[in-house]
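Read through the structure below, which is laid out as structure tokens, and then see the notes.
Just so it is clear, none of the values below were taken in a lab; they were calculated from the coordinates. What you see is a predicted model, and the numbers here were worked out from it, not measured in a lab. All Cβ positions, glycine included, derive from the backbone under ideal geometry; neighbour counts span all protein chains shown.
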Amino acid sequence: MHETSASHAAHQHTAPTSFIRKHVFSLDHKVIGKQYYGLALLAVFIGMGLSWLMRLHLGWPAWPIPLLDKLSAVGAPSGVMTPEYYLSLMTMHGTIMVFFVLTNAPFAAFGNYFLPIQIGAEDMAFPRFNMMSFWTTFMAFLVMMAAFFVTDGPPISGWTAYAPLSAVGGDAGPGLKVGQTLWAISIAIFCIGSLLGALNFIATTLDLRTKGMSLARMPYCSWAWFVTSVIALLAFAVLLPACILLILDRTAGTSFFIPAGLVLSDKLQPHSGGSPLLWQHLFWFFGHPEVYIAILPSIGIVCHILPVFARKPLLGPRATVGCMIAIGFLSYMVWGHHMFVSGMNPFSATLFSVPTLFITVPATILTLLLLGSVYGAKMRFTSASLFCLGFISVFISGGISGFFLAQPSIDIYLHATYFVVAHFHFVMAVASLFGVFAGTYFWFPKMTGRMMNEALGKLHFWLTFIGVYAIFMPMHYLGLAGNVRRYSAFVDDYLIPLIPVHKFITIAALLTGAAQFIFLFNLIWSRFKGPIASENPWEATSLEWSTATPPPFDNFGGKHMVVYNGPNEYGVESRDGKDFIMQTSPEKAPAS
Amino acid sequence: MATTTLPPGAEITLDDHGSGKPPERTPRQRQVTMPGSQAQKSETGMWVAVSAIGMSFAAFTSAMIVRQDASTDWQRFQLPHVLYLNTLILLASSVTLELSRQRIAAMPDAARHAAGSAKALLANGIYWLYLTAALGLIFVLGQLLAWRNLAAQGLFLATNPSSSFFYLFTALHAVHLLGGMGGLFYVLRKLVRSGGAGETSGLSAFSIYWHFMDLLWVYLLLLLAMRM
Ligand code: HEM
Ligand SMILES: [Cu+2]
């Protein structure tokens, strides 16, 4: 008997006291969640700064940008960026945003903080791995940032790092010598961190649910994090091998991706027979699931938050979860829709086009369920609920362009134009970030003990909402007009008339970006000066609202929670006269 | 069944993982704990880890098939014969691992009859574990021999895509195996410290990993034999 209690205590929680153990190398999932959030916040502002630089250049290519020559004397002599440096900044923008923001914030940050609490656990299944996964990710970030400071700057091959450009080395252009190697190493490290994280999420969800927390009673965002972690596990397990092969091609002289007879800068490359398409297949086998890694957690967050402010249950709880699973499953069968113009057999194109259209079915059902859930509701308009509604709007706007791109015959025209840029910024970038914003306004009280300022929050919402439409809507038009993406200046006859549109977009981007400082200010100011939050300020049902604000070290202060209801008991009459029933409340919810 | 003293104010809950059904009594269930026993967590975690590793080797496999068909430069070569001997050694290590687990699993029963016989079982189990580690090490050394054999044929990492994949597969597998041996020593330490608590030492999770490494190697060998 004695032995067991000792070994039990070994993995039981006692709060650490030293600063390093508490705030730096912490095993506490809540601290790790905040660390991920901080990293994503840093990354998103760097990524946004890069987009400002690119947009300034697109609008006014001849203007010198102050201080840019300090960042890279080669890339921007006297402050005007070279076309290659434009590509370097674009590569870093995409990479930082996709990996360090859209993967980290909605999934790793909020998931770490709230998954254990929502299922009634004291911590993640493997706290030590959890700490490692954050610090691995952080190291990946440092390696990626190092690419800014090497002589010829970051790589120019885009976030998709298409081979052979990404595989050959310095002869092909700037950034491809050291910068591209740093990129590949950073992404490989990132994969390891994400795999550790996904493993933890899966084991936690399967094994640490408290009594009564059946799968059917799990909140939607816990479901989304769970499905996402399964997707992430399989996707990053493919990107990692791809990066290893790329690193070998770059450093060890192998020829996985580099074809024979390639002549660059008048030099015959010493490689034979590799397949550039192999990289595209490996990358997009990861890449398409990755876009769902970015969006599913935000879908889950919106499904979680919207009923709280609609004071109505979400329609079709089972269908919602079913759609998430279906999306996760189908996301593995559609990667070829990124390769319609790669010279693939038209039959293969059809083979990828059909499942791509299938995947719009669960996506559409989810959207309709969300819309149906707010239909006729007496919405409580808060910053959080506004961002949820905004999410639905941008997700639809971006999803619709997907239908067009999914047709190979249309995509041949639209591929690699601004139409695609508009599509994925709406449906992935903005939608996922709106989920993060909603989550922030919603959970900030729980995470810090203080409320955020609602007036500033709403101002932030309206400026951002109008701003993203001003930025990305015109890009559809640009794409239809034939404006190719990844050009740094528009000098061809057919592109010159489009320059005013680009100027407009640049101004919108600068203003929308500026509005994000309202958010940053609100975040920092409220952290110290916001009004004190109560245990359950939004009158929500899930477990994170049944514990103190902010939660104690072991989440529930030594109590083992017992769950009696699903998360969806809104718009009911509870015994104490409220319109919701907590998941932990033993009273039986009346059938609604 | 183990019991623990509860901290004041704690509620007693049954570990039924929220299924709503009365808990079944499986050997790895605890009576009074926070949800999810250590052994169960580590086994789940190990299955997940093993699927990720399997997935990445599947990715390498498809890369190899695509690369071989992509052009005409694929050069076949004779696999070093020592690989087959290595395979036997690795398979033997799975057997020794199972022998060890049998000994340790029999301990609680034996302890009821005589404390001494449980001790002997533990010592025996640990002996088999050391043997497992030794066989693993011999396997890795054997793989090094295979590499030397290839180098003697003039085949290096970048010589030909076939040799690239050969080095890649064998090296990655060996790295995973060495990692597993690190895990094995961790398990051994815990076993000795706890006086043979098989449940908390991670032995069963470790054995999932080790057997998987075995299977993975057999698969890789077949793949290489077919393609080289
Ligand atoms: C309605 C369902 C969707 C369909 C039918 C669809 C279809 C497509 C197609 C066919 C392309 C390739 C276009 C081209 O490169 O020529 C594409 C690109 C893309 N999609 Fe979607 N998509 C859908 C939803 C999504 C979602 C939900 C996300 C993200 C969360 C997303 C993110 C992306 C990204 C990031 C790219 C471009 C990647 C790049 O080239 O850099 N899509 N989509
Ligand atoms: Cu896709």
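A few comments on the model shown:
- Taking Lys and Arg as +1 and Asp and Glu as -1, the other residues whose beta-carbon sits under 15 Å from that of A:Val24 total +4.
- Whether the stretch A:296-530 is rounded, prolate or oblate, judged on the alpha carbon gyration tensor where a/c under 1.5 counts as rounded: oblate
- Annotation: lysines with alpha-carbon distance below 29 angstrom to A:Lys267 (same-chain offsets under eight excluded): A:Lys177.
- Helix-derived mean residue ellipticity, 222 nm - over chain A, DSSP H n ≥ 4, -39500 (n - 2.57), to 500: -20000 deg cm²/dmol
- Neighbour cut-off at most 15 other Cβ (10 Å), DSSP loop, chymotrypsin sites (Phe, Trp or Tyr not before Pro), the stretch A:247-295: none
- For the stretch B:126-228, chymotrypsin sites (Phe, Trp or Tyr not before Pro) are listed when DSSP marks them as loop and at most 16 other Cβ atoms sit within 10 Å of their Cβ; the list is B:Phe156.
- The angle between the Cα long axis of helix A:317-330 and the longest principal axis of the Cα atoms of chain A comes to about 30 degrees, rounded to the nearest 10.
- Count Lys and Arg as plus one, Asp and Glu as minus one, and take only other residues whose Cβ is under 12 Å from that of A:Gly479; the net charge is then 0.
- Taking packing as the residue-averaged number of other Cβ atoms within 10 angstrom, the listed peptides A:131-140, A:545-554, A:485-494 run from highest to lowest as A:131-140, A:545-554, A:485-494.
- Modelled spin labels at A:Val74 and A:Thr14, positioned 7 Å past Cα toward Cβ, are 5.5 nm from each other.
- Prolate/oblate/rounded label for chain A (Cα gyration tensor, a/c 1.5): prolate
- For the stretch A:298-309, 3J(HN,Hα) computed residue by residue from phi via the Karplus equation (6.51, -1.76, 1.60; θ = phi - 60°) reads 5, 4, x, 4, 5, 4, 6, 8, 4, x, 4, 9 Hz, glycine and proline entered as x.
- Subset of A:Lys30/A:Lys578; A:Lys30/A:Lys559; A:Lys312/A:Lys559; A:Lys30/B:Lys41; A:Lys34/B:Lys41 violating a 22 Å alpha-carbon distance limit: A:Lys30/A:Lys578; A:Lys312/A:Lys559; A:Lys34/B:Lys41
- Overall form of the stretch A:31-256 per C-alpha gyration tensor (a/c, 1.5; a/b vs b/c): prolate
- The stretch A:126-163-the stretch A:216-282 distance, computed between alpha-carbon centres (Å): 15
- Over all other residues within a Cβ to Cβ distance under 14 Å of B:Tyr186, the charged ones net out to +4, with Lys and Arg as +1 and Asp and Glu as -1.
- Among the residues of A:268-281, the average count of other protein chain beta-carbon atoms within 10 Å of the residue beta-carbon is 3.
- 0 to 90° range, to nearest 10: angle between helix A:499-529 axis and chain A longest Cα axis: 30
- Highest mean packing comes first when the peptides A:430-437, A:41-48, A:188-195 are listed by Cβ atoms within 10 Å, giving A:430-437, A:188-195, A:41-48.
- Around the amide H of A:Arg450, modelled in the peptide plane, lie the amide H atoms of A:Ala533, all under 5 Å away and 5 or more residues distant in sequence or on another chain.
- Modelled label positions at A:Val484 and A:Phe25, each set 7 Å beyond Cα in the direction of Cβ, lie 5.1 nm from each other.
- Our coupling estimate for the stretch A:430-444, obtained by passing each phi through the Karplus curve with A = 6.51, B = -1.76, C = 1.60 and θ = phi - 60°, is 5, 4, 5, 5, 4, x, 5, 4, 4, x, 5, 5, 6, 9, 3 Hz, Gly and Pro reported as x.
- Inter-part distance where the stretch A:478-501 and the stretch B:37-80 are each reduced to a Cα centre, Å: 44
- Neighbouring partner chain Cβ atoms per residue of B:159-167, average, 10 Å criterion: 3
- Percent RCO, i.e. relative contact order, over chain A, from Cα pairs under 8 Å lying at least 6 residues apart: 15
- Mean partner shielding of peptide B:44-54, defined as the number of other chain Cβ atoms within 10 Å of each residue Cβ, is 6.
- From least to most packed, judged by other beta carbons within 10 angstrom and beginning with the fewest, A:Arg55, A:Arg527, B:Arg189 follow the order B:Arg189, A:Arg527, A:Arg55.
- Amide proton proximity set for A:Thr417, modelled H, under 5 Å, gap of 5+: A:Arg485
- Residues with amide H under 5 Å from that of A:Phe580, placed H, sequence gap 5 or more: A:Val572, A:Ser574
- Highest to lowest packing among A:111-120, B:47-56, scored as the average C-beta count within 10 Å: A:111-120, B:47-56
- Karplus-based coupling profile of the stretch B:65-77, in residue order and whole Hz: 5, 4, 5, 5, 7, 5, 7, 9, 8, 5, 10, 7, 8, with θ = phi - 60° in 6.51 cos²θ - 1.76 cosθ + 1.60 and x standing for Gly or Pro.
- Pairwise centroid distance, computed over Cα atoms, of the stretch A:529-592 with the stretch B:167-187, Å: 46
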